1. Identify, by number, the condition in (1) modelled with pLDDT of 90 or more; (2) surrounded by 15 or more Cβ atoms within 10 Å (Cβ to Cβ) that residue 118 doesn't meet.
2. Among (1) of a type outside the set (Val, Ile, Thr); (2) free of Cβ contacts under 8 Å to residues at least 60 places away in the same chain; (3) under 22 Å from residue 19 (Cβ atoms); (4) surrounded by 15 or more Cβ atoms within 10 Å (Cβ to Cβ), there is one condition residue 144 misses while meeting the rest; what is its number?
3. How many of the residues in the range 66-113 are outside any helix (DSSP H, G or I), of a type in the set (Asp, Glu) and surrounded by 15 or more Cβ atoms within 10 Å (Cβ to Cβ)?
4. Kindly provide the set of residues from the range 125-169 that are modelled with pLDDT of 90 or more, assigned to a helix (DSSP H, G or I) and closer than 23 Å to residue 32 by Cβ, ordered by number.
5. Is it the case that some residue within the range 2-21 is farther than 24 Å from residue 138 by Cβ, at pLDDT 95 or above and crowded, with 19+ Cβ neighbours inside 10 Å?
6. Kindly indicate whether residue 166 is under 25 Å from residue 30 (Cα atoms) and free of Cβ contacts under 8 Å to residues at least 24 places away in the same chain.
7. When you scan the range 43-54, do you find a residue that is part of a loop (DSSP other than H, G, I, E, B) and under 23 Å from residue 134 (Cα atoms), even just one?
8. For the range 22-42, give me the residue count where each residue is crowded, with 20+ Cβ neighbours inside 10 Å, part of a helix (DSSP H, G or I) and among the aliphatic types (A, V, I, L, M).
Amino acid sequence: MTITIIDWVDLFIRPTSFKILDDSLNYCIANKGLTVHAYVYMSSHIHLIISSQENELQDNIRDLKKHSSKEFIKAIKELPESRRECLLAKFNYAAKRVKNGVSYKVWKDGYHPVILDTSKKIEQRINYIHYNPVASKLVYHERDWKKSNYAIYEEDNPEIPSVKVDPLW
């Protein structure tokens, strides 16, 4: 599943944004029955392999996006942010275009799910997710990108990701 910021804005470039994503995902894991199997944070979107035994996935994604949006706007307003006015204007404009009663719209509507119904598809998608920062020329190897759970899929790697992950192998 891919979830994207409005107009592909590079929101995930500060530690605060990563912490908001971590906390939001971990909350959904602990309280909403979400299971995260793989993830990577890019600058304007996130890729996830997730499942849920308790709630519908769309309900988890809705809650994740709603909560994290509020936290992103709060952080933009309260913390030092050189792009404050630009980001708030962009997110406010996006909210006005859809007229859904909110002041700011951070995430694009919907998400892009891919059904993973074979082990070959699962392996391909996990590799795709973890290779994304390499393909984007941000790092030379998947292990060098710290905003993913690649480390738990690598043998003999004691690194613990910031999101509670249930690996698929």
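1. Failed condition: (2).
2. (4)
3. The number of residues fulfilling the criteria is 1.
4. Within the range 125-169, 125, 126, 129 qualify.
5. No; the residues of the range 2-21 include none that is farther than 24 Å from residue 138 by Cβ, at pLDDT 95 or above and crowded, with 19+ Cβ neighbours inside 10 Å.
6. So residue 166 does not fit the description; no.
7. Yes; the residues of the range 43-54 include at least one that is part of a loop (DSSP other than H, G, I, E, B) and under 23 Å from residue 134 (Cα atoms).
8. Looking only at that region, the number is 1.
The values are calculated or read from the model by the stated rules, or taken from the named source; none is laboratory data. Note that this is a predicted model, so its numbers are computed, not measured. In this analysis, Cβ positions are derived from the backbone assuming ideal geometry, glycine residues included, and neighbour counts consider all displayed protein chains.
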